[in-house]
Amino acid sequence: MKRSVVTELRDIVPIRPLTRIEALTLAERQALALLEAVGITEAPVPERVVADLPRIEVTRSTRLGHSGASAWEHGRWRVLLNANDSRLRQRFSLMHEFKHILDHPFVDQLYGALDAHERDDWIELICDYFAGCALIPRPWLKRAYTTGNQRPRV
């Protein structure tokens, strides 16, 4: 039986307290493994990379006071995105929330050694890093830079 993408990405992570460097490195490895698992080899990374995974539902709301949220509801993960944000921001928020989903079963083991006052900020930073790595992986960035795209337009 084929394992789910979520299971494959969770299996990359050792279930123990992570150092900051380990957490960043693992987030990047998971992002690259996600893209490999779904066959994405170049930008832009489509929303369907996460939205088409089993037991994940992506919805949007204009009443959301922040960029995104995720919760386990009725046997599936529900990711709520702010419809007022740009599509680019929504893709970033989706990837950020997906990292929360990946870490959810063992978040206390992974980040429990951190001081309580900095734990939540650190988790958010790791989720942001994962999102960035998934949308602009380091190998793609290096390839663009070395082939002459050193001053991208904003």
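The values are calculated or read from the model by the stated rules, or taken from the named source; none is laboratory data. Note that the structure is predicted; figures quoted are calculated from it, not measured. Cβ coordinates were reconstructed from backbone atoms using ideal geometry, including for glycine residues, and neighbour counts include every protein chain displayed. The area values use the complete protein model at the heavy-atom level, side chains included, leaving out ligands, DNA and RNA. Shrake-Rupley method; radii C 1.70, N 1.55, O 1.52, S 1.80 Å.
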Completion exercise
Hydrophobic long helices for the chain, i.e. whole DSSP H runs reaching 18 angstrom or more by Cα along the axis with Kyte-Doolittle mean at least -1.0, come out as 20-38, 87-103, 116-135
Completion exercise
FRET efficiency for Glu36 and Glu118 from the Cβ-Cβ distance with R0 = 41 Å, rounded to 0.05, comes out at 0.80
Completion exercise
Here, Ala144 and Ala51, labelled 7 Å along Cα→Cβ, have an inter-label distance in nm of 2.1
Practice task
Give me the percent of the accessible area of the chain that comes from carbon and sulfur atoms, probe 1.4 Å, all protein chains in place.
Solution key: 53
Handout entry: Theoretical FRET efficiency, 1/(1+(r/R0)^6), r = Cβ-Cβ of Asp128 and His104, R0 22 Å, to 0.05
Key = 0.85
Exercise for the section: For a quick protection proxy, order the peptides 23-34, 50-61 by their average other-Cβ count within 10 Å, most packed first. Expected result: 23-34, 50-61
Problem - Amide H within-cut-off set for Ile56, under 5 Å, with H built and near neighbours excluded - result: Trp77
Handout entry: Tail fraction, Cα-Cα pairs, the chain, threshold 21 Å, whole percent
Key = 47
Problem - Under 12 Å, Cβ to Cβ, from Glu73 - net charge with Lys/Arg +1 and Asp/Glu -1 - result: +2
Completion exercise
accessible surface per residue for region 38-91, probe 1.4 Å, DNA/RNA/ligands not counted, whole Å² -> 62
Handout entry: Two-site label geometry, Ile12 and Glu73: point separation in nm, points 7 Å out along Cα→Cβ
Key = 2.8
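Can you give the helix-only mean residue ellipticity at 222 nm for the chain, where every DSSP H stretch with n ≥ 4 adds -39500 (n - 2.57) and the sum goes over all residues, rounded to the nearest 500 deg cm²/dmol?
-16000 deg cm²/dmol
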